[in-house]
Structure formats: structure tokens, C-alpha cells
1. Could you check how much of the accessible area of the chain is carbon and sulfur, as a whole percent, using a 1.4 Å probe?
2. Under a crude label model (7 Å from the Cα following the beta-carbon direction), how far is MET64 from HIS143 in nanometres?
3. Computed over the Cα atoms of the chain, what is the ratio Rg over Rh, Rh following Kirkwood?
4. With runs of 4+ DSSP H residues as the only contributors, calculate the mean residue ellipticity of the chain at 222 nm using -39,500 (n - 2.57) per run, divided by the residue total and rounded to the nearest 500.
5. Provide the descending list of Cα extents for region 243-364 along its principal axes, expressed in whole angstroms.
6. Fully extended, how many nm does the chain gain between LYS154 and THR347 (0.36 nm per residue separation, minus their Cα-Cα distance)?
7. Hey, can you find the accessible area per residue of the chain for me, probe 1.4 Å, expressed in square angstrom?
8. Which of SER357, SER62, SER243 ends up with the largest GNM mean-square fluctuation for the chain, with Cα atoms connected below 10 Å?
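The values are calculated or read from the model by the stated rules, or taken from the named source; none is laboratory data. All values derive from a computational prediction rather than experimental measurement. Here the Cβ positions follow ideal geometry from the backbone for every residue, glycine too, while neighbour counts run over all protein chains shown. Surface areas here come from the heavy atoms of the whole protein model, side chains and all, with no ligands, DNA or RNA. Shrake-Rupley method; radii C 1.70, N 1.55, O 1.52, S 1.80 Å.
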Amino acid sequence: MKAVGIIFSNIHDNNVPELARIRTLGSIPFGGRYRLIDFPLSNMVNSGIDTVGIITKNNYQSLMDHVGSGKDWDLARKDGGVILLPPYGELNNNTLYNTRLEALKGITNFLFRADEDYVVMTDCDAVLRINYAEILEYHVRNHADITLVYKKRKAAPGELNETTFDLGKNNRIIGVNYKKELGSEEENIFTNIFIMKRTLLQNIVMDSISHNKNHFMAEVIASNLKSLNIYGYEHKGFYAGISSFQAYYDSNLALLDEKNRHELFGDRSVFTKIRDSAPTKYGNSSLIKNSFIADGCEIYGEVENSIIFRNVKVGRGTKIKNSIVMQDTVLGENCTIDCIVVDKNVTITDRKTLSGSSNHPFYLGKGIMI
């Protein structure tokens, strides 16, 4: 069973406006050396999907720089491979899309040129390791028209999410709920992963153009629960939904837990753009506790419960706790930062103290100097 992949790189930019102001959600750094798009892209490659269309919208220069020809994912091919799709809305209309269905209307040529039987669609707001081949087998076994992947779990306090499911016999979806804030009970939280036949998706898109439909979940899924066989597939491993800046912060630090790291990375590789950085250098005065530190760094201070990206420099006497520091950032001597998300290319000069809290981390924008 062959499938073509579609990744929406911008759909959830509003979830983390702080980080997506200058980039797409898909190109937001995550986990010390990755970008969010690396996870859906790697899942597709590991599942045998070798044609992947990435739908762009705006601020996608960093995404293009990161993905390039797709060679780091073994997708640099004459036929298929990775294809960046234009950021337009409806067919023959050069306006930018606002919804998933409008985005799909703009890639009808891509859908009709593909010859794979199935389509796997995913966003970039879900960090998980999943085998799409297994979901395809489940889809066929249940004679499903559409299969949607969900994660059963309790939401974190204040966590935002748009869609949860009510499930009936054999995990058939019988209800779709839209919630701005999740409660404290376990929910079937939609991971924004769809699987269906390519011809069905073509028909859905063309019907949407004819009848001016714009919302995939409301006007395609929720309104067809009785007429279509729509099933849920439960993902049981690590899952992080990047639904807010707080969720981004918490999801990064969750990787410091060995169980989460194993479930996310395990025996299947997560591919990313290769950079030829030197090994990290640790000074005599450095002290590292429960942290992830990428290559190319120079660490002379203390790092605890933190994620440090490539080529970060930490001066003597500086203490970093419960923070995320992105690449090419320089921290001077005798600084203290706690519960801070530091974007790329930031300079923090000597003797600065910056502090947020675990339930309200502070953000330093790209390229600033303090």
C-alpha cells in the first residue's frame, strides 16, 4: 500500500506567535538539534513514504533552508521526494489560504498527479514517533473511509486544543468536539493526522470548491460521521502537542525524562539537517545536571534541567536552569537565567539576571542583545 504525504507547515502558527513571528511553525527549533517539521517528515520516511508535499504559506525561508533538497531525509529524488507547494488558496486564485481545506484547494494538481492509493496528511504541531504503515493496515482492515489519529490523555492545566473525539464500537468516531480549553479528565485528543484514499480526498476537495466549503473538520469530518466510516487510531507512545508557548516549553523539557526520550527516538531515527559542528567543549569550571547539550557548544558555567542547542557559549560563573537556549547564542560571565526560552543569535552580556517561572516562562526574541 503506497501513500503520498502532505505536511501543513503553517496551519498552527497562531499557537506560538512568539516563535512563529519570523518563521513557520514547522521550522521552530525543538529538542536541542531538530525543527518541528523533522518529526512528521521522519515518520513518513521511516514508514516508506517517499513523496511528500509540504504546504507553505508565509515566513518559510528558514523552512526552505532547513529542508533544502530533502537529502538529509533521503528524499532528494528525480521522481517524488520532497516538494514545496505554493501558499495559495482556491484553485486559480492567488489569495493566501486560511484553513486546511482552502490549502488543499490550492494543491489539486499535486493530488491529481500523484499515483499513490492513499494520502497521509499531518501538521507540524504534534511531536511523536509513529508508523504510518501500521495505521494504513488498520485503516484497510476496518474498511475505513478516513482514519484520524488521537492520543488519550489528560490535558495540562490551561492547555489549548481544538478537537477531541467521542468513540463508539471498534473506535468508530461518533462525535467531534471543539474546545478552547481542555478539562482535567482524559480526552481523545486529535493529533491532526489524517489517512484516506487519495481519490476520496480529490472528491472532497472538488466538492468543496463546488459548494464553497472551507473547513475540513466541521464541513467534511463532523458533518459526515454517519455517511462515512471514520475511525480513530490511538497513539500510545510519547506525544507533545504544541498548542501554546507554555506547551512548547513543557514539551522540550519533557525530553529530559529518559522514558520520553526512548518513546520519541527509540529504534527509529529522527532525521534533521546535518551540520558539521565540532564536539562540545567543557571548561574546568563547568557543571552539567540533567540537561541536553548539542554539539559545537562551549560551556564554562553551570547548566541544569535545560536544553542547549548547537554553538551556544556559556561564560564562567553563569548558571542556566530550567531553560531552552537556541543555537548561536552567547551568554557572558556571571549571568543567571531561569525558566527562559532564548531564541537564536541572542547575546546576554555579563552579570545579567533573567527569570521567569515554570508556569510562565519568559521569551527572548531572535538576535537581541541584553
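1. 45
2. My value for the distance between the label points is 4.8 nm.
3. Ratio of gyration radius to Kirkwood radius: 0.99.
4. The helix contribution divided over the chain gives -5500 deg cm²/dmol.
5. Extents along the principal axes: 42, 34, 24 Å.
6. Between LYS154 and THR347, full extension yields 65.7 nm more.
7. 44
8. Among SER357, SER62, SER243, the largest mean-square fluctuation in the Gaussian network model of the chain belongs to SER357.
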